[in-house]
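The values are calculated or read from the model by the stated rules, or taken from the named source; none is laboratory data. For clarity, every value in this text was computed on a predicted model and none was experimentally measured. Cβ sites come from the backbone with ideal geometry, for glycine too, and all protein chains shown count toward neighbours. For the accessible areas, the whole protein counts, side chains as well, though only heavy atoms, and no ligand, DNA or RNA atoms are used. Shrake-Rupley method; radii C 1.70, N 1.55, O 1.52, S 1.80 Å.
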Amino acid sequence: MPVAVVTAVDAVLRDAQVASLLLDAAGAVCLRYEVEASSSSLRRLVLSAEGVLEDEQVDLDHPCVSCATREDAVPTLSRLAQIPDVRAIVLAPPLSADPSVVVGTLRPHQGDWHLASAVSVIDVEAAVEDLLGEDTLAERGLQWAVGDARSVGEALAAQIEYAGQLVVDGDPAGPGAELVEHLRAPEQRLVQGLYALGADEVLDGRLDHLIALRRRDARYVEPYGGPTEHGTWTLDLHSERPFHPRRLLENIEALGAGRLRERGRFWVPDRPDSICQWDGAGGQVSIGAVWRTGRELPTTHLVVTGVDAADAKRVRAAFTRSLLTEREWAAGLEPWLGTEDHLAPWLGERDVRV
């Protein structure tokens, strides 16, 4: 039983795409979830091309994506897969859901069903504001729970970067479409129009979770670039030198503020054993020590996409100012032994003093 995962931040576009797939695939049903942000419950709907088959409220022990998927989606998928007339399932998690979390939770439970693909549906007329604007999910009523502080851009970027198939609705030559071109990897398939994607293209394959995760992994970030007719730009900023911890804090607003999508990795000389992630959208930046280094020192690499020319100049200059100078770098790491850990509030306490 093939299962396709369809995500979006726009309910109308998501539902239109789901309806198109249900009409195109005989025996297909949709398992759709809606979130109640003020409580720990979900609304579960099972739909067919003929209408609503089930409509239930689901109470959760904890209102998060992985819990919702594990506690309800897994048993529901198994139950639906046992129904003789059901031949395929389209899973539509709540708006703003991160498909990497949904799929990561589902993968160990494949048996009577298998994950076939992941689709992201994007309104390119709203893409610039959705991806680069300051709106939070809470302000749009799209947050998972009261504590969900993500921006709309963070949620939509996660969906775009993970999905193997991107369905875009709107002007294919407009600024929003141009921005999506800068953010998508070459291997991701771009489909123009909500009704252009055939059900067989969604349901006949096998979802490669590892390839999708690699696209989202800051250690392997790449600048894809794209057309620039509407002023969209992408910077590929890289250096073998680390960020200076204090100067990074001084420059973090210049590096991360504005209408930007930023991804990448960095390191600091008082933590040579750590690779840190940089993830920003819509003026929000998240940093953290995520991976351990190997035998070689890490490198610093940020890929930044924006639409305002002044932002590109500012970000490039702030990146350079934040790095160790050539003289500081030539002095090696010994001067950093036992120094104050300026980034502990964001990266956590160091495991080992260096």
(request) Place a +1 charge on the Cβ of each Lys and Arg in the range 17-169 and a -1 charge on the Cβ of each Asp and Glu, then give the dipole magnitude about the Cα centre in debye, rounded to the nearest 20. (result) 600 debye
(request) Could you look at the chain and say what percent of its accessible area is carbon and sulfur, using a 1.4 Å probe and all protein chains? (result) 49 percent
(message) Can you tally the net charge around ARG247? Count Lys and Arg as +1, Asp and Glu as -1, for every other residue whose Cβ sits under 11 Å from the Cβ of ARG247.
(response) 0
(request) Note the angle between two axes, namely the Cα long axis of helix 245-256 and the longest principal axis of the Cα atoms of the chain, as a number of degrees from 0 to 90, rounded to the nearest 10. (result) 50 degrees
(message) Tell me the net charge near LEU42. Cut-off is 11 Å between Cβ atoms, LEU42 excluded, with +1 for each Lys or Arg and -1 for each Asp or Glu.
(response) -3
(request) List, largest first, the extents of the alpha carbons of the chain along their principal axes, each in whole Å. (result) 70, 46, 36
(request) Please work out the Kirkwood hydrodynamic radius for the range 99-196, using every pair of different C-alpha atoms, and report it in angstroms with one decimal place. (result) 14.6 Å
(request) Would you compute, from DSSP H runs of 4+ residues alone, the mean residue ellipticity of the chain at 222 nm, taking -39500 (n - 2.57) per run and dividing by the full residue count, rounded to the nearest 500? (result) -8500 deg cm²/dmol
